[in-house]
Amino acid sequence: MYQKSFFFFFCFLLSACNKGEEKNYFPHSLGSIWNYKILISSDYTGNTEEKRLTITNTELHKKKDGIKYTKIYSNGNIFIFFKNKQEKNLQRIGARLNFDNGFDEPVNKVIIPSLDFKNKEWVSISQLFIAKGYQPPLRDFKPSAVFEMKYKLISKNLKIKLNKNEFDDCNHIIGKGDADFIADTRTGPIKVKIISEEWICDNVGLVKEKRIESTKASAFGTKEYYKELISFEK
């Protein structure tokens, strides 16, 4: 009888410990705020533009099959996400964008197929966001070609130091893709190589991101996007 009681007590403790070890790489708590610094550079102009971006969790709805929450961006964009309990993935289920180009990629899509990063490789549909023309008649032309981004989990359990802050249990993922678009029928399609890197940490989320969209077209060149976390309020 003592052995049986001890066995059940041990199982209870083990279960409790396992629950306590669950990671939260995509915080959904109402009122959480992320402040980022963004740098956008072009090899055509040689200039780097610096911006600030604040993201706030504004709505939260807990359901039987998961958690639905809304993020409002200081640039006017709104995104709605869903943590699916059964599939254990992160989905984007809604968006409202504050710029003219809008979405060519699907609004509804799986962002991360495994909330705990058990999947080491996956494919997601994406689109060009930072490529831009600089020479007439293509000046200010912004292509939005859709393509497949192939992601790979490079490393887990990283420690990252950023802006005098230290983050534990971080995942480093890299995405690569190829796209093409036609800006001028006289020149044919322009090929673009895309490389994306993200560092996502437990109880914080995205702390750093890099993205490169490169072409050999003189009118477009290569653009780079860099985002890093300045502060986070739970």
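The values are calculated or read from the model by the stated rules, or taken from the named source; none is laboratory data. For clarity, every value in this text was computed on a predicted model and none was experimentally measured. Here the Cβ positions follow ideal geometry from the backbone for every residue, glycine too, while neighbour counts run over all protein chains shown.
A few notes on this one:
- Any chance residue 175 is free of Cβ contacts under 8 Å to residues at least 60 places away in the same chain and touching a Ser or Thr at 6+ places or on another chain (Cβ under 6 Å): yes
- Listed conditions (1) under 26 Å from residue 220 (Cα atoms); (2) out of contact with any Gly (no Cβ under 6 Å at 6 or more places or on another chain); (3) part of a loop (DSSP other than H, G, I, E, B); (4) of a type outside the set (Val, Ile, Thr) are all met by residue 50, apart from (3).
- In summary, residue 79 fulfils each of the numbered conditions (1) within 30 Å of residue 118 (Cα to Cα); (2) without any contact (Cβ under 8 Å) to a residue 12 or more places away in the chain; (3) not β-branched (Val, Ile, Thr) with the single exception of condition (2).
- In the stretch 116-138, the residues that are free of Cβ contacts under 8 Å to residues at least 60 places away in the same chain and more than 29 Å from residue 87 (Cα to Cα): 136, 137
- Residues in the stretch 189-231 that are over 16 Å from the mean Cα position of the chain (by Cα), in a strand (DSSP E or B) and either closer than 18 Å to residue 57 by Cα or of a type in the set (Val, Ile, Thr) (or both): 190, 192, 222, 230, 231.
Quick grid of which residues meet (1) modelled with pLDDT under 95; (2) part of a strand (DSSP E or B); (3) surrounded by fewer than 13 Cβ atoms within 10 Å (Cβ to Cβ):
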position	(1), (2), (3)
122	no, yes, no
139	yes, no, yes
154	no, yes, no
159	no, yes, yes
177	no, yes, no
180	no, yes, no
187	yes, no, yes
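- Of all the criteria given as (1) without any contact (Cβ under 8 Å) to a residue 60 or more places away in the chain; (2) within 21 Å of residue 205 (Cβ to Cβ), the one not satisfied by residue 165 is (1).
- Taken as a whole, the stretch 94-113 holds at least one residue that is closer than 22 Å to residue 214 by Cβ, in contact with a strand residue (DSSP E or B) (Cβ under 8 Å, 6 or more places away or on another chain), part of a loop (DSSP other than H, G, I, E, B) and free of Cβ contacts under 8 Å to residues at least 60 places away in the same chain.
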